[in-house]
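Report on one structure; see the data block that follows.
The values are calculated or read from the model by the stated rules, or taken from the named source; none is laboratory data. Predicted model, so just to flag it, every value in this text is computed and none were measured. Using ideal geometry, Cβ is built from the backbone for each residue, glycine included, and neighbour counts are taken over all protein chains shown. Side chains included, ligands, DNA and RNA excluded: accessible areas come from the protein's heavy atoms. Shrake-Rupley method; radii C 1.70, N 1.55, O 1.52, S 1.80 Å.
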Amino acid sequence: MLKLVIFGTMFSTIDLMELIIIYPKLFLILVPTLIIVIFWYVFCKSTAGSRIFLVDFACYKPQNNQQICRQNFLNRSSRELKFNSDTLKFMDRILQRSGLGDKTYVSKGLLSDPMDMSTKAAKEEVEMAVFGAIDELLLKTGVRCEEIGILVSVCGVFNIMPSLSSVIVKRYKLREDIRSYNMTGMGCSAGLIALGLVQNLLKVHDNSYALLVTTESTTDNVYKGNDRSKLLSNCVFRVGAVALLLSNKPSDQNTCKYELVHTVRSQTTNTDRSYNCIFMEEDEQGHRGISINKDLLYAAMKTIRSNISTVAPLVLPLSEQFRYLMNIIVRRFRTGSKMEPYNPEFSRAIDHFFPHVGGKPVLDDLQKKLGFSDEQMEASRMTLYRFGNTSNSSIWYEVAYVEAKGRVKKGDTLWQIAFGSGFKCSSVIWRATRSIDRDEMNPWRDEIDEFPVDVSKIGALSDLFVASK
């Protein structure tokens, strides 16, 4: 006997016939609706070429001789950068409470004696990371360089001429007619912003491969003064890069890892507190650095809430949307109501959550507000611990973590959310097209069984990250 499920209720064909007899108008609604659903399904299947797939990605893992522990980091900072004792104590507190472990990576220039912070050293750091990620990606996918029609490169602060995209074109001898773009100055959300750009490009260029590469330079961003507001970037940013191969070719839908479902972007740049909370400037002695003031958490949560309010209708089940709507109605129209705002349970719609590893306070607040479990937050906390903040590539080390754990199954929904200066926030929703086996080419492959580690006792930097009232 044929059975149907409507809004979570199972009906037999007999039930439906009885309903039609009792409510004849239902028949007039049901049949056209069924026809529309079937037509839409056939239409979607026939337009697979307009869909965008992530064929694969590769995260760069530096050499072991680039690892640095907290004490070595402080010793080198004291010897090479001549920080005063108060600054070193403050940096020590940041390192203890940042959530970073003792095996994160810094550039070879910062490990040399004396430190080499030249433009040449910064370029060598970026090239080593970018080329390492691209080489691994090409090896994993088997795609030839001449097949790539679109290139987007992202490097937040470090900017060279010719651009990083030109460096990549020259290195890999990409096509003369390749559509190449280079993004800088967009902060830690730049990687997902670039994905939106790639999405739009693939919508108008059929049957194409797009290469997206994101990285950051730690060598070029070292702050040499004693202004506390500029010291955080010294302490938490580390070496990293990721390369992604995206496609709109129908032939890739059965072999790719993920399908792109949604991209959502928000910003609150028009307010002073958001615009100024992360700002590159010189201190009184002329040392350039990135200031992070006490409005960071305020700006972050305001922009993230705006972004989430757009994401929610796209991913939440109808039951959660209904509860959220009723909560708003009751709180608005019932005078004197003490009902708390309803936080939808995103964990009911999202299988894997990957927030940018910007800092422990933001991760804690996101987990509380969105209702994610410790296991769902595990990838972000472990990425921060093992690799530090690698800027716009961090969220891909998180995806690599759950892949290495063997947790990604066919049909799973993945949510990446990144935020950074401006203040900007971007979300990307993916759907796994197949179950992901443990990949030999994975930055976690040699040590995944050592994780997770306990980071619950790490305190917050309460004196630095305090939102303005």
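As a test of understanding, state the convex hull volume per residue of the chain from its alpha carbons, in Å³.
Details: hull volume 85.3 nm³, N = 469.
Measuring per residue, one finds 182 Å³ for the Cα hull of the chain.
State, to one decimal in nm, how far the label point of Q63 lies from the label point of R438, with both points 7 Å from Cα in the Cβ direction.
According to this spin-label approximation, the distance is 2.8 nm.
Measuring with a 1.4 Å probe in the full set of protein chains, what accessible area per residue, in whole Å², belongs to segment 340-469? Don't skip to the answer; put the middle values down first.
Working: 4950 Å² over 130 residues.
Heavy-atom SASA per residue in segment 340-469 reads 38 Å².
Tell me, what is the FRET efficiency for E281 and N72 to the nearest 0.05, using R0 = 30 angstrom and their Cβ-Cβ distance as r? Write out the running numbers ahead of the final one.
Details: r = 29 Å, r/R0 = 0.97.
The formula returns an efficiency of 0.55 here.
Could you give the accessible area per residue of segment 211-282, probe 1.4 Å, as a whole number in Å²? Write down the numbers at each step before the final one.
Details: 2570 Å² over 72 residues.
That works out to 36 Å² for each residue.
How much FRET efficiency would the formula 1/(1 + (r/R0)^6) give for D272 and K170, where r is the Cβ-Cβ distance and R0 is 35 Å, rounded to 0.05? Can you show the working numbers first?
Working: r = 42 Å, r/R0 = 1.19.
E between D272 and K170, to the nearest 0.05, is 0.25.
Which of rounded, prolate, oblate describes segment 287-341, given a ≥ b ≥ c as roots of the alpha-carbon gyration tensor eigenvalues and a/c under 1.5 marking rounded, otherwise prolate only if a/b is larger than b/c?
Working: a/c = 5.51, a/b = 1.94, b/c = 2.84.
The shape class here is oblate.
For segment 77-205, with every protein chain kept in place, what is the accessible area per residue (1.4 Å probe, Å²)?
Values: 5930 Å² over 129 residues.
Each residue of segment 77-205 exposes 46 Å² on average to a 1.4 Å probe.
More than 26 Å apart: what percent of Cα pairs in segment 290-402 qualify? The partial results should precede the final answer.
Details: 1729 of 6328 pairs.
Within segment 290-402, distances greater than 26 Å cover 27 percent of Cα pairs.
Pull out the extension gain between D86 and K457, defined as 0.36 nm times the separation in residues minus the alpha carbon to alpha carbon distance; nm, one decimal.
Details: separation 371, 0.36 × 371 = 133.56 nm, distance 2.47 nm.
Extra length available between D86 and K457 comes to 131.1 nm.
Which residues make up the longest stretch of the chain clear of GluC sites (Glu not before Pro) that lie in a DSSP loop with no more than 14 other Cβ atoms within 10 Å, not counting the sites? Numbers along the way, then the final one.
On the way: sites that count: E176, E284, E440, E447.
The reported range is 1-175.
Which percent of the accessible area of the chain is formed by carbon and sulfur heavy atoms (probe 1.4 angstrom)? Before the final figure, lay out each step's value.
Working: 12340 of 22770 Å².
Reported share for carbon and sulfur atoms: 54 percent.
Trypsin sites (Lys or Arg not before Pro), restricted to segment 390-457: which are DSSP loop and have at most 13 other Cβ atoms within 10 Å?
Numbers: sites: K405, R407, K409, K410, K424, R431, R434, R438, R445, K457; in loops: K405, R407, K409, K410, R434, R438, R445, K457.
Filter output for segment 390-457: K409, K410, R438, K457.
Only Cα pairs under 8 Å and at least 6 apart count here; give the relative contact order of the chain as a rounded whole percent.
On the way: 866 pairs, mean separation 94.5, N = 469.
20 percent.
How many percent of DSSP beta bridges within the chain run antiparallel, rounded to 5? Let's see the in-between values first.
Working: 43 of 60 bridges.
Here the share of antiparallel DSSP bridges comes out near 70 percent.
Take the alpha-carbon positions of segment 183-224, form their convex hull, and give its projected area averaged over all directions (one quarter of the hull surface) in nm². Can you show the working numbers first?
Values: hull surface 13.9 nm².
Mean orientational projected area (segment 183-224, Cα hull): 3.5 nm².
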